[in-house]
Structure formats: C-alpha cells, structure tokens
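Read-outs: derived from the displayed coordinates by stated rules, not from any lab. Everything numeric here is computed off the predicted structure, so don't read it as measured data. Glycine gets a Cβ as well: all are built from the backbone with ideal geometry, and neighbour counts include every protein chain shown.
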Amino acid sequence: MATTTTDDVLGYDEALTTFDPVMGLEVHVELGTRTKMFCGCATEFGAEPNTQVCPVCLGLPGALPVVNEIGVESAIRMGLALNCSIAQWCRFARKNYFYPDMPKNFQTSQYDEPIAFDGYLDVEIPAATGEGTEIFRVEIERAHMEEDTGKSLHVGGATGRIQGAEYSLVDFNRAGIPLIEIVTRPIAGAGERAPEVAKAFVGALRDLLRSLEVSDLKMEQGSMRCDVNLSLRAKAGDDPTSPEQLAVPLGTRSETKNVNSLRSVERAVRYEVCRHAAVLTSGGSVLQETRHWHEDTGVTTSGREKSDADDYRYFPEPDLVPVAPSREWVEELRSALPEPPALRRKRLLGEWGFSGLEMRDVINAGAIELIEATVAAGAKAQSARKWWLAEPSRRANTEGVDLATYAEQVGITPEHVAELESLIVAGRLNDKMARQVLEGVLDGEGAPTVVADARGLELVQDDGALEAAVDTVIAANPDVADKIRGGKVQAAGALIGQVMKEMKGQADADKARAIILTKLGVEG
Amino acid sequence: MADLTRDDVAHLASLARIDLSDAELDTMVGELASIISSVAAVQQAPIDGVEPMSHPMPIVNVTRPDEVRASLTPEAALAMAPASEIERFAVPRILTED
Ligand SMILES: [Zn+2]
C-alpha cells in the first residue's frame, strides 16, 4: 500500500477560519498481567510464535474461558483513576467478525454494559494567552474490558502489506491478552488547539496509567494504541466554547487507526483537519471511513468505508458469568489509588523551585519522572533539569520520540545524569567537558566516568600548570592586565578565555579567574 | 416479524464469509425462513415481569488468579491447522486491508 496520497489539504490556519474541529479518542491499553484475560497462557512479549496458546485462546470447541481477577481489578482501578462510575453489574459480549487474527470468530468484549463509565480526565495544556498553562477537561464515555487479537504476517504480496498477499501467517501469542479500551466523549471547544489537546490527553492518560502500574504503556510496542476520530463543523464565531458553536451539529467523522506516538496523535489530528477542510471547501462530503496513519510521510490514507462488515451482532457472552464488583471492593481499590500525577507534579515542582517557564519546558519535554529519579539519585533539581533538557531532549526531538522513550532506547539513566553532576561537583569536569561526556553516554560509550576516562576528559588539577598559563596570558596582554589592575574586573573574561585556550579547555574557569585576579592584586 | 428476504440471507452469508450461489441463496431463503418461524414460537412465551437472563446459573464473579498455566506446545497447536509455516498458522489471504 502506497504511503503517498493524492488527498488535497488546506492550510491549518485557513481551515480554522471556517471550521471547528471535534475529536473523539479511543485508546487501547494492553494490561501487564502475567496471564491472558480468559486463560492461563503467559503474556510475555517477544516469545516464540504460538508458544503461549491453549484451547481457550485458540477458540477450540468446548474450551471455557474464566476471567483473570487482576484484569478486572486493573479495569476498575483505571476507571476510578479516570473519575468513572463503576458498574454494579456488567457482562461480557461477543463481537462477531471473521478475521484470521481472531480464531474464535468473535472478540470477547463489552457492549452496552462497560465496567466503567461517565468519567473525565483533566489535562494541562499551554494557556491560550501563551502564559502558563490551563486545564482542559476531557470527558470519558466509558472504559471496557476486552482482549487483544493475534498478529499476522503477510506473505507473497508485492507490497508486503495485506493487499496482494497470497496468504497470511498468524501467531496467536497476543490473542487474548487483556485490553482496556478507553473512549472519550466528543471533545469540542478546543478550537485551534485540538491537536495539542489530543496529544496532552494521551500523554496525561499514559502518565495516569503509569502511576497505576497496570501496563508498560509502550506506544512503539503497541501496548498503548490510539485511534483518532475527527470531524469538522461550521465555525460559529471566534469562541470555540460558545453555546452557538456547541449547538452546531457534528460533521461526518473519519477514524484514523493505530496512531502510535504522542507526536503522531498531534500530527494526525492536524492532518485530518486540513484534509477534511479541503474536501468540504471544495463542495465535497467527507466519507465515514477508516484511515491509516503513515508515520513517515505524516499523512493518512483511506482504509475502507464503513460497511456491512461492521455489523458485529453483539450478544451477551454465555460462557462467562456477569461481573458484579462489590461496593466494598471498589472503595478499597479507590482508597489505595496512588497520588494522581497532576498533583504529584505540582508538589514536585514546588519542591524543586522551578520558574513557570522552566516548569513548562520540563512538562513539554516529558522530563518530570526523569528529573525526579535523578534528584533521588543525588543530583540537584536544577542540574537534573539542565542536563535532561539539553542534548538528550534535543536528540529525542530529532528522533521524534518522547524523552523517556529515547532515554530507554539509548540506555541513559537518571543515575548517569546524577553521576555526571557529581563529576562536576567534584571538580573533575567543567560544563563544557560534561557536555562532551553526556554526548558520549548518549552515543552508548558507557557511564559518565567510563566516558570521561576513555575520552581523557579531566580538568587539570595541577595549579602549577594553570598558574603558568595565567602568567603567559598576562604577559601577552599587558593592556588588559592594566585595566584589571585599575579595577575593571570584568575585563578578566578576555583573559580567562585565553587561559582556557592555553589549557586546551581542560581547566576550571572559576579557578583561572581567581588566579588571574590574585596575580593582578584585585579581589574578586 | 418481518419476512426474511434474499438480501438478508446474502448479507448474513457475506458476514459469515460463506460463498452462496444464486441457487443456494434461493434455497437458503426458504429453509432459514422456516427455521425462524419454528423458533419464533418462543415469542409466545409470557415474559411480562420477567427479567432478561444472560446465564442459567444465578452466579457472578467467577474469576481465576493471575497465575500462568501450561500452554500447548506449538507443535500440538499447529497440528490442528490445515497448514502452517515458520511456527505460524497459514490462512487464506485476506481480501481487504484493515
Ligand atoms: Zn490460552
């Protein structure tokens, strides 16, 4: 399938002069349970194909499913963290469809009785004024329990994707792994900030669920997957939250599947706004269809139109008994929920003493947890912030992944950053050398001390060499030296630069300054 | 209830991925219609004031602990398949992309 598109797109700003975007987000989260939702097969990622399968998850006749208690518990905890009501009584349902990745020919899911419903998640986005942040409330329609499908490999086609494939090879290790699907209500009122709200929601959801420790939430590995629904409606004035605007009926929506990074969520919303706007302004109508997101080209392409095949003929799953969580259990789970990440952030940022601007940069970089762990490893908060937001953050951006993911990919840890800082505090490295060491760590050369040793980076501790360099520089710059003697202390900067050059950068600038001033009889 | 039409049967056949010839469709319309009308007798049951039931046993919350149990070996699992390749089930090609 080609990843180029012939779809016309309108400029984003132009689209927003005529239209108001409304979004709906569906997020699938694979739970980190040891076993599958309805059988005792293991759920290890990357196991050899079809080694984690049994009669239940292969859908063999007569096999009977039994619900994983941790699956239910996780679903309830997620619902509670999302401020949802928890069903008194609910059932599983069969979602019937024929596709080779689902050997039972139905997916066990929930239909009109989700375990959790009517919640919300407050997300923090940069304020419209550009100063500070503001809260945008995303309403949650439901969170329900279901199971994942198998993985297909398509063989024999020219393109390697499904179309044109001669046959498919299926691994059912993933079939039956517990999934929780979280569905938002239509998100209206975000106006031009819709892409940012979408990204912030998925990010906040990931942080929240991470705090619950229910899933590893790796978007790249598919344990958290996002579908983006988008529609446009006519704009009714400048305020996207006005009653007039909210009263305008919704347009036809497209559903973009498997948008698997925070950045892609933002880009996919933006792209679909531009594409819908082009269709609508040229007098066409938007098709209600599934779209595929292409990470490389940043566009969506048409999947298939909604059709008869979406007639899932849901009915209650007769092989499973209803789930009726007692109110005592629900309250017990509620009282044991961890501190919500948003509150925790507020507390941490207070403890760290960051400015509003610094705080925003830290949030945007997704660096809170890393800084927290770095501080726990012994670094000062400001140093931790400085190092994480420097080269690691820059490289993560270039790679198009979030900082935590990037850190994991290249193997840099909070302990590394704390170690780097300790080398500076101990006087072994100056800032410039520390930057080189950090690059070495990011390039996979090892821990900071190892990199510094290997690259021979070490401040010259020998004061004799430094004093000799200062003498040389003073002798070469009698005019500047006189100025300093005369009280123009700031002129020392020019000499320090030359001393550092003499020392090939391997000197402590503060110490050089002190020696210069002493030699010239001035008090720093 | 409304009569079963030829289109209904064609729709069901397509959902079930069953290829039916025109002649088979005609036969199925008649046969399915008679099956449905036989089963429709249950609609005469007096159900006023009867709660819908989804399970014959009045039980809830049957769960199991999250403990790994032995799976089948891949050989055993794949032995049941008409075809397999590189430890995977080989299935007919999928016609439309999803
Ligand atoms: Zn199984």
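Residue separation of A:Val425 and A:Thr6 scaled by 0.36 nm, minus their Cα-Cα distance, works out to 145.1 nm of gained length.
Against the empirical curve 2.2 N^0.38 Å, the C-alpha radius of gyration of the stretch A:1-157 lands at a ratio of 1.37.
Take the residue pairs A:Lys483/A:Lys519; A:Lys199/A:Lys432; A:Lys380/A:Lys488; A:Lys380/A:Lys504; A:Lys199/A:Lys380 and return only those whose Cα atoms are more than 23 Å apart. Don't skip to the answer; put the middle values down first.
Values: A:Lys483/A:Lys519 13 Å; A:Lys199/A:Lys432 35 Å; A:Lys380/A:Lys488 34 Å; A:Lys380/A:Lys504 29 Å; A:Lys199/A:Lys380 30 Å.
Over 23 Å Cα-Cα: A:Lys199/A:Lys432; A:Lys380/A:Lys488; A:Lys380/A:Lys504; A:Lys199/A:Lys380.
At 25 °C and 0.890 mPa s, what whole-number value in µm²/s does Stokes-Einstein give for the translational diffusion of the stretch A:463-519, with Rh from the Kirkwood sum over Cα pairs? Estimated diffusion coefficient is 226 µm²/s. Identify the residues of the stretch A:22-57 with backbone N under 13 Å of a label point that sits 7 angstrom from the Cα of A:Ala342 along the Cα-to-Cβ direction, or state none. Output list for this probe position: empty.
If r is the Cβ-Cβ distance from B:Val42 to A:Glu244 and R0 is 56 Å, what FRET efficiency results, to the nearest 0.05? FRET efficiency, B:Val42 to A:Glu244: 0.60. Global dimensions of the protein assembly as shown from alpha-carbon coordinates: Rg and Dmax equal 31.3, 113 Å. Whole Å is fine, so just give me how far the alpha carbon centre of the stretch B:40-95 lies from that of the stretch A:93-147. If we compute the Cα centre of each part, the gap is 24 Å.
Can you list residues whose amide H is under 5 Å from A:Arg185's amide H, if they're 5+ apart or on another chain and H is modeled 1.01 Å from N? Amide H neighbours of A:Arg185, under 5 Å, 5+ apart: A:Glu139, A:Ile140, A:Glu141. Taking amide hydrogens as placed 1.01 Å from N in the peptide plane, the amide H of A:Glu317 sits under 5 Å from those of A:Phe92, A:Ala93, A:Arg94, each at least 5 positions away in sequence or on another chain.
Here the Karplus relation 6.51 cos²θ - 1.76 cosθ + 1.60, evaluated at θ = phi - 60°, turns the backbone of the stretch A:400-414 into coupling constants of x, 10, 7, 4, 4, 5, 4, 4, 5, 4, 8, x, 8, 10, x Hz, with x for every Gly and Pro.
Shape summary: chain B maps onto an equivalent ellipsoid whose semi-axes, from the alpha-carbon gyration tensor, are 37, 30, 11 Å in decreasing order. Listed values for the stretch B:31-47 are Karplus-derived 3J(HN,Hα) couplings in whole Hz (6.51 cos²θ - 1.76 cosθ + 1.60, θ = phi - 60°), namely 5, 5, 4, 6, 4, 5, 5, 5, 5, 4, 4, 5, 5, 7, 4, x, 10, and x replaces Gly and Pro. Distance between the pseudo-spin-label points of B:Glu75 and A:Glu332 (7 Å out from Cα toward the beta carbon): 4.5 nm.
Remark: relative contact order (the stretch A:12-333) = 24 percent; criterion is Cα-Cα distance under 8 angstrom and separation of 6 or more residues. Across all directions, the average projected area of the convex hull around the alpha carbons of the stretch A:144-239 is 9.2 nm². Compared with the direct C-alpha span, the chain from A:Asn397 to A:Gln221 gains 61.5 nm at full extension, assuming 0.36 nm per residue. Amide H contacts for B:Arg64 (H built 1.01 Å from N in the peptide plane; partners 5 or more residues away or on another chain; cut-off under 5 Å): A:Val67, A:Asn68, A:Glu69.
Estimated translational diffusion coefficient (Stokes-Einstein, Kirkwood radius over Cα pairs, 37 °C, 0.692 mPa s) of the stretch A:12-333: 157 µm² per second. Multiplying each eigenvalue of the alpha-carbon gyration tensor of the stretch A:26-100 by 5 and taking the square root yields semi-axes of 25, 16, 13 Å, largest first, rounded to whole angstroms. Here the label points at A:Ser302 and A:Thr133, each 7 Å from Cα along the C-beta direction, are separated by 4.1 nm in the simple model. Shown here: the stretch A:229-284, whose C-alpha atoms stretch 34, 26, 16 Å along the first, second and third principal axes, sorted largest to smallest. Phi angles across the stretch B:51-56 convert, under the Karplus curve 6.51 cos²θ - 1.76 cosθ + 1.60 with θ = phi - 60°, into 3J(HN,Hα) values of 5, x, 10, 10, 8, x Hz, Gly and Pro given as x. Could I get the Rg over Rh figure for the stretch A:249-351? Both from C-alpha atoms, Rh via Kirkwood, rounded to two places. Taking Rh as the inverse mean 1/r over Cα pairs, Rg/Rh reads 1.16. Altogether, the Stokes-Einstein calculation at 37 °C and 0.692 mPa s, with the Kirkwood radius of the stretch A:409-524 over Cα pairs as Rh, returns a diffusion coefficient of 215 µm²/s. Computed over the stretch A:339-455, the Cα gyration tensor eigenvalues convert (square root of 5λ each) into semi-axes of 24, 16, 12 Å, ordered from largest to smallest.
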